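What follows is one structure encoded as structure tokens, with my remarks underneath.
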Amino acid sequence: MQAVLYVAHGSRVKAGIQEAYRFVEKVKVKTGVKIQELCFLELAEPSISQGIKNCMLKGATSIAVVPIFLFSANHMKYDFPKAINQVKKHYPQVPITLGKPFGVHEKLVNSIQSRILEKKENHKEIDVLLIGRGSSDPKIQMEFQHIANRLKEKYHYRNVDICFLYGKGPLFDEKLEELKDRKNPVLIVPYLLFTGRLHIGIQKKLENQRDTKEPIILCDCLGYDENVQQVLIERVKETLSLIKESA
């Protein structure tokens, strides 16, 4: 019997875990797969190995592991394969197929625009700053820049910049200094799936940024809206297709 194991990042913030569970429950009813479980890469339980075991306890004979991750980064390259390979040693008879993260997707660009419109008010000319989690992988910066370029092109913003909370590429702290000299209001969108410590940290830094002439407005995180749901459903279907092709 086919199973789908969703893997979220995990958080020490209870609200972030609850958001992930609510999100997956909405997606489950739209996939048509009998066995569907949620687990976390780190900071929360169940782990990937326990998630795979939970699927097998329900009768799974094949498992599609679908990441609820925006980009590939090192988690996808190293942590996921390592966790899956460890389980495969104990259950070699069960095929486990790893799907792709969300990556660059038009529906996610639409979600960013939705977060902006929630806060845009009556400002005719605004700049947009997208904040990513960050990674040491240069591919992440390229993909994130592609998303920013598409947002600017599709919705006709004068300027859309990117930055990261850590890793390679322009850092959020550096961008904060640059914002002091801007001529337009700036709407900041945390490109994160859930409200956790990173979002709280962004909010605190903005509260300390007082010497600005134009307003800096913090939008909600990307979140788990209908667009994000549709992207995850696409990734589920793609992973199940890979399993059928290899059978």
Please verify whether residue 78 is among the hydroxyl-bearing types (Ser, Thr, Tyr), open to solvent by 60 Å² or more (accessible area, probe 1.4 Å) and within 20 Å of the chain's Cα centre (by Cα), treating the condition exactly as stated. yes
So residue 37 clears everything in (1) acidic (Asp, Glu); (2) in contact with a strand residue (DSSP E or B) (Cβ under 6 Å, 6 or more places away or on another chain); (3) open to solvent by 70 Å² or more (accessible area, probe 1.4 Å) except one condition, right? Which one? (3)
Quick check on this structure: which one of 245, 207 is within 25 Å of residue 104 (Cβ to Cβ) and loosely packed, with under 12 Cβ neighbours inside 10 Å? 245
From (1) over 22 Å from the mean Cα position of the chain (by Cα); (2) on the phi < 0 side of the Ramachandran plot, pick out the condition that doesn't hold for residue 59. (2)
Verdict on residue 31 being exposed (fewer than 15 other Cβ atoms within 10 Å of the Cβ) and either among the charged types (D, E, K, R) or in contact (Cβ under 8 Å) with a residue 40 or more places away in the chain (or both): no
Index of the failed condition, residue 142 passing every other in (1) of a type in the set (A, V, I, L, M, F, W, C); (2) surrounded by 17 or more Cβ atoms within 10 Å (Cβ to Cβ); (3) within 25 Å of residue 9 (Cβ to Cβ): (2)
Only one of (1) buried (at least 20 other Cβ atoms within 10 Å of the Cβ); (2) more than 16 Å from the chain's Cα centre (by Cα); (3) within 27 Å of residue 222 (Cβ to Cβ) does not apply to residue 26, and that is (1)
Candidate set: the range 98-137, residues that are modelled with pLDDT of 95 or more and of a type in the set (S, T, N, Q); chosen: the one least open to solvent (accessible area, probe 1.4 Å): 111
Failed condition for residue 222, given (1) among the hydrophobic types (A, V, I, L, M, F, W, C); (2) touching a strand residue (DSSP E or B) at 6+ places or on another chain (Cβ under 8 Å); (3) farther than 28 Å from residue 24 by Cα: (3)
Residue 71 being within 30 Å of residue 157 (Cα to Cα), of a type in the set (Phe, Trp, Tyr), touching a residue at least 60 places away in the same chain (Cβ under 8 Å) and open to solvent by less than 20 Å² (accessible area, probe 1.4 Å): no
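The values are calculated or read from the model by the stated rules, or taken from the named source; none is laboratory data. Since this is a predicted model, take the numbers as computed values, not measurements. Glycine also receives a Cβ, built like all others from the backbone with ideal geometry; neighbour counts cover every protein chain displayed. Keep in mind that these areas ignore ligands, DNA and RNA; they rest on the heavy atoms of the full protein, side chains included. Shrake-Rupley method; radii C 1.70, N 1.55, O 1.52, S 1.80 Å.
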